[in-house]
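The values are calculated or read from the model by the stated rules, or taken from the named source; none is laboratory data. Keep in mind the model is a prediction, meaning the values are calculated, not measured. Here the Cβ positions follow ideal geometry from the backbone for every residue, glycine too, while neighbour counts run over all protein chains shown.
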Amino acid sequence: MSPKLKDILILVLINLLITFLIWAPFYFRIPNFFGLNFSGGLETIYRNFDGLEYVIIAKSWYQSNIIATLPQDLPATYFAAHFPGYALLIVPFAQILGFLKSMILVSLLFTILSSIMFYLLVRDFKLSPSPLFLSIVFLVLPARWLIVHSIGSAETIFIFFTISALYFFMKFEEIRKYQFIILAGIFGMLAQLSRPPGILLFLALGFYIIWKIFKDENQNIFKKIGQAFVSYSPLFLIPVALFSIFYYYSIAYQDFWAYFHSGDNIHLSFPPFQVFNLNQFWVGSIWLEDIIYILILGFLGGLLLLKQKLCPLAFFVLTYLGFSTLIAHRDISRYVLPIFPFCLIAFEKVLISREFKIVLAIIILAIYLYAQNFLIANTAPYPNPQLFN
């Protein structure tokens, strides 16, 4: 067995182990573990935001008349803020397992695929001498990611498609074989179908390409722009995917701009940093110091990636985080999750050190308890999720 295959098998097993450890207290309905009550059972996992909303999409495909028959009170336009990629993946498995188990299965499968893709990115581009350990760290940090990949959520598929798009983009930059940029475009398109911020991947890579054009002064600028347009044209699959979703909304909702009319789902605001405004609807708190640390680590990670000459990754992190400063939502740690795999790469020298391994051993129980405490409370107001099966 090759070392690469062995590492991948280890990653799969660790993924399954971590998921078992998260789900086990709910499955066994443990009434008291460090003061936490898991008597709600696996229904708690099913009810965690935002999984059931994608089940509703999978059952209705945004059709108002079908949504009205389901046991929920949200207006049909609310679901326009949730893109269809995750729901599309739920449907094939639902024919065998039902919608609830399929929702969880897709999250588990794409968590495994995300960790494998992250491992390949680190290993193939020699970004760390310890790609396996860094990939294990990726499964538990940040702690908000541990929560997200243990429930129904579109983040797992979005992060897999984003890592894959950047992997193949960097392969194209390294080898200049056209099939790699085609794959980058396809995975970017799938990322866009999964979540609205997919367009930021297109913008980030566009900024990188423009920067590269103007950095090279050896050729005529117009000739370079023409060559770049041809070379990177598959990336336009990303905005095409966005347009296709909006076009479908024009059919389902009779409103091309339904995404922007979906109620309080759109958390963008101006000026930046309105997340530090107590009066914003989705903030409502003054206890926000953790967001400062997230922003520091994110921007520092992006700049370190620039210093390490990992420019495509750096442009993605800085572009994504730059736009995220316009998000006015308390749960900013969830919204910026897609940058964290690349921030782990930026800080890899610290993360693979002996000192960090000691710290991780000390703090791992705290990460676990944080995740479980969050999962118990983060439930949608659907008392019987089985009605969605």
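A few remarks follow.
- Subset of the stretch 50-69 (residues that are more than 18 Å from Lys101 (Cβ to Cβ) and surrounded by fewer than 20 Cβ atoms within 10 Å (Cβ to Cβ)): Ser60, Trp61, Gln63, Ser64, Asn65, Ile66, Ala68, Thr69
Residues are listed down the side, and each one gets a yes or a no for (1) more than 17 Å from the chain's Cα centre (by Cα); (2) assigned to a helix (DSSP H, G or I); (3) at negative phi; (4) surrounded by fewer than 24 Cβ atoms within 10 Å (Cβ to Cβ):
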{"site": "Ala87", "(1), (2), (3), (4)": "no, yes, yes, no"}
{"site": "Val91", "(1), (2), (3), (4)": "yes, yes, yes, yes"}
{"site": "Gln95", "(1), (2), (3), (4)": "yes, yes, yes, yes"}
{"site": "Leu105", "(1), (2), (3), (4)": "no, yes, yes, yes"}
{"site": "Tyr119", "(1), (2), (3), (4)": "no, yes, yes, yes"}
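- Residues of the stretch 23-49 that are crowded, with 19+ Cβ neighbours inside 10 Å and either of a type in the set (A, V, I, L, M) or under 30 Å from Arg123 (Cα atoms) (or both): Ile45 alone.
- Residue list for the stretch 307-327, filter: part of a helix (DSSP H, G or I) and among the aliphatic types (A, V, I, L, M): Leu313, Ala314, Val317, Leu318, Leu321
- The helices (runs of 4 or more DSSP H) found wholly in the stretch 132-236 and carrying at least 3 residues that are crowded, with 19+ Cβ neighbours inside 10 Å and touching a Phe, Trp or Tyr at 6+ places or on another chain (Cβ under 7 Å) occupy 155-175, 178-194, 198-215.
- Residue match in the stretch 303-324 (condition: without any contact (Cβ under 8 Å) to a residue 40 or more places away in the chain and basic (Lys, Arg)): yes
- Odd one out for Gly284 among (1) in contact (Cβ under 8 Å) with a residue 40 or more places away in the chain; (2) of a type in the set (Gly, Ala, Ser); (3) part of a helix (DSSP H, G or I): (3)
- Just one of the listed residues (Thr44, Thr77) is in the same structural domain as Lys101 (by TED's automatic domain parsing), farther than 26 Å from Phe243 by Cβ and under 26 Å from the mean Cα position of the chain (by Cα), and it is Thr44.
- Per this entry, Ile66 is not counted among residues that are aliphatic (A, V, I, L, M), part of a helix (DSSP H, G or I) and touching a residue at least 12 places away in the same chain (Cβ under 8 Å).
- So Leu337, is it of a type outside the set (Phe, Trp, Tyr), touching a Phe, Trp or Tyr at 6+ places or on another chain (Cβ under 6 Å), under 23 Å from Ala154 (Cα atoms) and surrounded by 15 or more Cβ atoms within 10 Å (Cβ to Cβ): yes
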